[in-house]
Amino acid sequence: PVSRKLAGCTLFITGASRGIGKAIALKAAKDGANIVIAAKTGEPHRTLPGTIYTAAEEIEAAGGKALPCIVNVREEQQIVDAVEKAVQKFGGIDILVNNASAISLTGTLETPTKKVDLMMSANARGTYLASKICLPHLRRSNIAHILNISPPLNLNPIWFKNHCAYTISKYGMSMCVLGMAEEFRGEVAVNALWPQTAIHTSAMDMLGGAGVEQQCRKTDILADAAYCILSKPKSFTGNFVIDENLLREEGVKNFDVYAVAPGHPLLPDFFLDVDPNTLAMKMEAHGASPVFREGKKIESAKHEGPDGAKHEGPDGAESAAAKPLGPVAETFKIIQGAISEDVVRSTQGVYLFELSGDEGGTWYIDLKNKAGSSGIGEPPVKVDVVMSMSSNDFVKMFSGKLKPTMAFMSGKLKIKGNMALAMKLEKMMTQFSSKL
């Protein structure tokens, strides 16, 4: 129900022409708020939906007042001009939402300097500039909120190793929260909001490809969480809020309404340690906890017999009879034994695994033809899904130590082909992991 807590308030929202920014704007517009749409898209984009003008029409249709402004947050003067227009039209600014952001999930050597500059200037510098320029007006408001769409500061190295530049730029937004919340305590509330799961936006479509939306929630969940934060007093400051956690505290129980495909497995978002098992996996991957290094235990066991003695052939090499299967070969042996007609009937997919590392090579699982099969090399039939990862992570994934969704989101697992079939394999892994 509309509470009209933001009636008459003026919100300056960067990147509000589409996606999360527009969803927050529409939520506030239902209260009768004034929305400054500070975004770059004045002319229709060749691939992305919406402009500042189409967003303004939607906002006014929802009950708000709109001021569309061409703003590239990398350009200080454009922010200054938009703020001046907002103050002239609405008499001030009560809330700033720093939503505009650029993303490139690429490694250090694969990220062109131009993209590094884009992310640093749009995300960290743009947030800092918009905050700086709006703050004199925010300090005169009784509402006075800054809300950055940025993650909690999680220094686990896994969030840096695959996309260092992007992580630095997003954490720059979060450090603005950390610093400004203290600097303006009592005058302006400064908080961060981040989703528990992936959110379906145009950016997610580009990153995840066809079918990814089924693993996402709608932007509505962030709009509702943002509304809760912006309705709180100035004393609520310096918080790194996760949307689902906040809404549960506010009494929301049915989260299916936010799902694009209710009941479908959801991708966890970046920068969050989802559960202790996932954290243990990350610790192991970075050598922080030798207790979890099962791969090393298996490797050392390969060279020892049951009595702990090494078994060698006449020339000093291990005898073929004494040498156990490697972890990947052992995993496929168990997978083959677990394949049944029911599994084939319910899956109907052929999977190719391109593995790197100690047991690198090509392997396959055919869960589509006849009674199913698995083995080394290329399958004799057409492949539906190609999965690329290290042999060590493959073993962890099939033994239940590494969740496929987390492997995919953290860059450990790359998927090409039919995403729906890839997700079917994830469900099927629970049958395999109990035997591994």
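The values are calculated or read from the model by the stated rules, or taken from the named source; none is laboratory data. Every value quoted in this text rests on a predicted model; they were computed, and no experiment measured them. We place every Cβ from the backbone using ideal geometry, glycine too, and count neighbours over all the protein chains shown. When the accessible area is computed, the model is the full protein with side chains, heavy atoms only, and any ligands, DNA or RNA have been set aside. Shrake-Rupley method; radii C 1.70, N 1.55, O 1.52, S 1.80 Å.
Points to keep in mind about this one:
- The lone exception for residue 34 - which of (1) of a type outside the set (A, V, I, L, M, F, W, C); (2) modelled with pLDDT under 95; (3) buried (at least 20 other Cβ atoms within 10 Å of the Cβ) it fails: (2)
- Test for residue 323: is it in a helix (DSSP H, G or I), open to solvent by 60 Å² or more (accessible area, probe 1.4 Å), among the basic types (Lys, Arg) and at pLDDT below 85: no
- Residue satisfying condition, being assigned by the TED database to the domain that holds residue 247, open to solvent by less than 30 Å² (accessible area, probe 1.4 Å), more than 15 Å from the chain's Cα centre (by Cα) and at positive phi, within set 144, 181, 189: 144
- Restricting region 50-84 to residues that are open to solvent by 80 Å² or more (accessible area, probe 1.4 Å) and touching a residue at least 40 places away in the same chain (Cβ under 8 Å), the residue that is farthest from the chain's Cα centre (by Cα) is 76.
- Region 394-414, residues that are surrounded by 21 or more Cβ atoms within 10 Å (Cβ to Cβ) and either over 23 Å from the mean Cα position of the chain (by Cα) or in a strand (DSSP E or B) (or both): 395
- Hits in region 326-353 (condition: within 30 Å of the chain's Cα centre (by Cα) and in a loop (DSSP other than H, G, I, E, B)): 348
- In the set 203, 165, only one residue is within 16 Å of the chain's Cα centre (by Cα), open to solvent by 10 Å² or more (accessible area, probe 1.4 Å) and under 17 Å from residue 15 (Cβ atoms); that residue is 203.
- Residue 59 falls short of the stated requirement of being closer than 15 Å to residue 15 by Cβ, in contact with a Ser or Thr (Cβ under 7 Å, 6 or more places away or on another chain) and not in a loop (DSSP other than H, G, I, E, B).
- When 391, 356 are screened for being over 23 Å from residue 214 (Cβ atoms), within 29 Å of the chain's Cα centre (by Cα) and in contact (Cβ under 8 Å) with a residue 60 or more places away in the chain, only 391 passes.
- Against the list (1) buried (at least 18 other Cβ atoms within 10 Å of the Cβ); (2) modelled with pLDDT of 75 or more; (3) of a type in the set (A, V, I, L, M, F, W, C), the condition residue 432 fails is (2).
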